[in-house]
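Single-structure report; data block below.
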Amino acid sequence: MENRDASLCYIVAAGMSKIGKRGEDGVALFVEAFNEVANIIEPRDIEAIYVGVQSERYEHQIMYGALIAERAGLLMREAYRVEACAAAGALALHTAYMAVRSGLHKVAMAVGLEKMTAKNTEEVTDSLMSASDYYLDQLNNITIPAQYAMLARRYMHDFGAREEDLCLVAVKNHENALYNPKAHIQRRITVEECMNSRPVARPLKLLDSAPISDGAAVVVVASEDVARRYTDTPVRILASTVSSDTLSISQRRDLTWPRAVHSAAEKAYKQARLKPSDIQLAEVHDCFTINEILLYEALGFAPRGRGYLLAREGETQRGGRISVNTSGGLKARGHPVGATGLAQIYEIYQQLTKQAGKRQVDADRAIAVNEGGVNSTAVVHVLAV
Ligand SMILES: CC(C)(COP(=O)(O)OP(=O)(O)OC[C@H]1O[C@@H](n2cnc3c(N)ncnc32)[C@H](O)[C@@H]1OP(=O)(O)O)[C@@H](O)C(=O)NCCC(=O)NCCS
């Protein structure tokens with residue numbers, strides 16, 4: 001789809017709860033995030049609400065569209081839930097983007113939330129596993145961490161990366177989270193500590209893994225003709241794309257090439273009329289450290305098989321050639337699954353509008369990659385001021 005001037009889409013406000021193990025329920029976390037935007041926009045202008053939630057198993061709740069609209073005091077609007085496991089948040093934004101670009105609505109709100117700690121780790125692992133093919137993967141008890149571990153082993157075998165290289169991603173993202181007051185884990189770690197942390201699914205260890213988090217995020221988008229009513233610094237969505245790959249990794253020819261991410265990114269670069277070297281800032285889906293490295297390659301930041309060298313050479317540190325996961329990423333900002341895609345957009349919005357405080361970088365073009373399943377549904381956004 002070519003960008004037509006009549007229907008450009010801008011982010012005019014974004015809010016996020018503190019991420020972590022929270023006492024509040026999921027909807028209360030939404031209210032915390034919503035309060036941050038309610039002061040900036042006129043809530044009654046919101047014509048549509050799209051909500052990304054991974055699972056009804058944490059709080060035995062569906063019908064999030066109606067529930068969120070009710071709690072926001074926005075009844076009689078178009079309001080419904082979208083689903084793509086960990087990509088649900090970005091998919092909610094994609095839906096809002098389509099609503100604005102089509103001319104159907106002038107102002108729409110994307111919401112993401114998850115209350116994972118309502119269940120224990122075993123139950124969470126089982127719930128996350130429902131994002132795998134039931135017959136091919138779930139019945140064989142192959143958990144999500146085990147699947148990412150297979151990608152890591154294959155990658156290390158094929159390209160010569162070492163476990164320490166994976167840990168460098170965790171060290172970087174933990175360092176960034178120190179400067180993010182809303183991050184789940186604010187603790188500096190070392191490669192040695194990561195290497196010595198307990199195994200989750202070898203070679204992945206505790207400190208290669210995103211934590212189990214609670215949290216919510218909201219992003220409000222508006223058409224060009226009304227965007228400046230709400231803010232002097234609207235952030236333009238240059239591209240919003242989705243691609244999907246096989247659900248089961250057993251059906252893929254190449255385990256270490258996230259084809260859906262590459263496909264969504266190619267479409268996004270074309271829509272945005274940008275190339276990978278134009279990107280200064282990225283929030284990528286580092287649910288396990290190996291994935292951040294795979295995504296460097298799928299996004300064109302590094303040639304195939306050489307993504308780990310970006311981590312080794314510090315090119316993706318805050319202020320480096322491309323600042324990646326300045327928020328702390330899923331690893332340390334936290335990964336409240338349905339909220340994660342919008343937490344990424346929240347960070348980019350903060351950065352592009354120069355509100356990121358001590359973690360501020362100099363950037364005006366950014367990309368976000370959110371994925372569901374094991375790189376099965378990829379959602380890519382390119383944003384600019
Ligand atoms: C890695 C994992 C299994 C650890 O869970 P666990 O073994 O139950 O760990 P606990 O909750 O008992 O936590 C033990 C300690 O480690 C810390 N911790 C837990 N997960 C952590 C993580 N990923 N990184 C750093 N520290 C972590 C806890 O804060 C806790 O510290 P404390 O004792 O000082 O409070 C769990 O976080 C997990 O499953 N993560 C992956 C989630 C996932 O797959 N997401 C979807 C991907 S798309």
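With pairing defined as another cysteine C-beta under 4.7 Å, the cysteines of the chain that fail it are CYS9, CYS85, CYS287. Cross-link partners among aspartates and glutamates for LYS354, C-alpha distance below 14 Å, same-chain residues fewer than 8 apart left out? Reachable aspartates and glutamates: ASP232, ASP362, ASP364. In the chain the Cα-Cα distances spread across 20 Å bins starting at 0 as 32, 60, 7 percent of all pairs. Could you tell me how many degrees, from 0 to 90 and to the nearest 10, lie between the Cα long axis of helix 289-298 and the main elongation axis, the longest principal axis, of the Cα atoms of the chain? So the helix axis and the longest Cα principal axis differ by about 70 degrees. Exposure proxy ranking for MET195, MET109, based on other Cβ atoms within 10 angstrom of each Cβ and starting from the fewest, stands as MET195, MET109.
For CYS9, the residues whose modelled amide H falls within less than 5 Å of its own, excluding neighbours fewer than 5 places apart on the same chain, are ILE237. If you bin all the Cα-Cα distances of the range 1-103 at 10 Å, starting from zero, the percentages per bin are 14, 45, 33, 8, 1.
Ignoring everything except DSSP H segments at least 4 long, calculate the 222 nm mean residue ellipticity for the chain; use -39,500 (n - 2.57) per segment, divide by total residues, nearest 500.
On the way: 13 runs with 135 residues, N = 385.
It comes out at -10500 deg cm²/dmol, rounded to the nearest 500.
Each Cα pair under 8 Å and six or more residues apart adds its separation to the average, and for the range 5-89 the resulting relative contact order is 29 percent. Residues in the range 192-204 carry Karplus couplings, in order, of 4, 4, 4, 4, 8, 6, 5, x, 9, 8, 3, x, 7 Hz; the curve used is 6.51 cos²θ - 1.76 cosθ + 1.60 with θ = phi - 60°, and Gly or Pro positions show x. A cut-off of 5 Å between modelled amide H atoms, ignoring neighbours fewer than 5 places along the same chain, links ASP286 with LEU330, LYS331. Measuring between alpha carbons in the structure, the pairs from LYS18/LYS358; LYS267/LYS331; LYS18/LYS331; LYS119/LYS172 lying more than 24 angstrom apart are LYS267/LYS331; LYS119/LYS172.
Taking every pair of alpha-carbon atoms in the range 244-283, give the share separated by more than 14 Å as a whole percent.
Details: 427 of 780 pairs.
That tail contains 55 percent of the Cα-Cα pairs.
Taking 0.36 nm per residue of separation and subtracting the Cα-Cα distance, full extension of the segment from LYS270 to THR121 would add 49.6 nm.
When DSSP beta bridges are restricted to pairs lying wholly in the chain, around 70% turn out antiparallel.
Sort HIS157, HIS381 so the one with the fewest other Cβ atoms within 10 Å of its own Cβ comes first. The partial results should precede the final answer.
Working: HIS157 10, HIS381 28.
So the ranking, lowest neighbour count to highest, is HIS157, HIS381.
Scanning residues 5 or more positions from GLU78 or on other chains, those with amide H under 5 Å from its amide H are ILE49, with H placed 1.01 Å from N in the peptide plane. The share of Cα pairs per 10 Å bin across the range 199-255, counted from zero up to the longest distance, runs 14, 20, 29, 22, 13, 1 percent.
Mind sorting THR377, THR190 by how few other Cβ atoms lie within 10 Å of their own Cβ, fewest first? Mind dumping the intermediate values first?
On the way: THR377 25, THR190 13.
Ranking THR377, THR190 by Cβ neighbours within 10 Å, fewest first, gives THR190, THR377.
When the alpha carbon gyration tensor of the range 317-384 is reduced to an equivalent ellipsoid, its three semi-axes come out at 20, 13, 11 angstrom, largest first. Packing, as the average of other Cβ atoms within 10 Å across residues, places the peptides 294-300, 162-168, 75-81, 120-126 in the order 294-300, 162-168, 75-81, 120-126, highest first.
Taking 0.36 nm per residue of sequence separation and subtracting the Cα-Cα distance, how much length would be gained by fully extending the chain between ARG306 and GLN355, in nm to one decimal? List each step's numbers first, then the result.
Values: separation 49, 0.36 × 49 = 17.64 nm, distance 3.30 nm.
Difference between extended and current length: 14.3 nm.
Bear in mind these aren't lab numbers, they're just calculated from the coordinates by the rules spelled out. The structure displayed is predicted, hence computed values, not measured ones. Because the Cβ atoms are built from the backbone with ideal geometry, glycine has one as well, and the counts that use them run over all protein chains shown.
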